[in-house]
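None of the figures in this text is laboratory data; all of them are computed from the coordinates on show. Computed from a predicted model, the values in this text were never measured in an experiment. Glycine also receives a Cβ, built like all others from the backbone with ideal geometry; neighbour counts cover every protein chain displayed.
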Amino acid sequence: MYDALTARYTFACPARGDARVTLSAFRSLERLPAASHPAVYRVRFACPCGDEHVGLVGHDDLDWAPLGLSSVPFLPASTCRKTSSPS
């Protein structure tokens, strides 16, 4: 959902299919009460199509992904083997 290269979140848009928006396009953010771990948030965002839409985003994508910290291991394209994280 978060693309570190472009610093944008991807959500569904009824008019365009996909909408890629920056954090500044978020209009409201509300934690959903049912989900506790990982927490899930309802986001209302300004879409490039001109409307505002609602999407869901997880805690990891919202808080950690923009910092370059994610739970996905790094796989070098040349070897496609999992490497140990630098300490």
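Stokes-Einstein D for segment 2-67 at 10 °C, 1.306 mPa s, Kirkwood Rh over Cα pairs, in µm²/s?
Answer, rounded: 131 µm²/s.
Taking 35 Å as R0, compute the FRET efficiency from the Cβ-Cβ separation of Ala12 and Leu67 and round it to 0.05. For Ala12 and Leu67, the calculated efficiency is 0.90.
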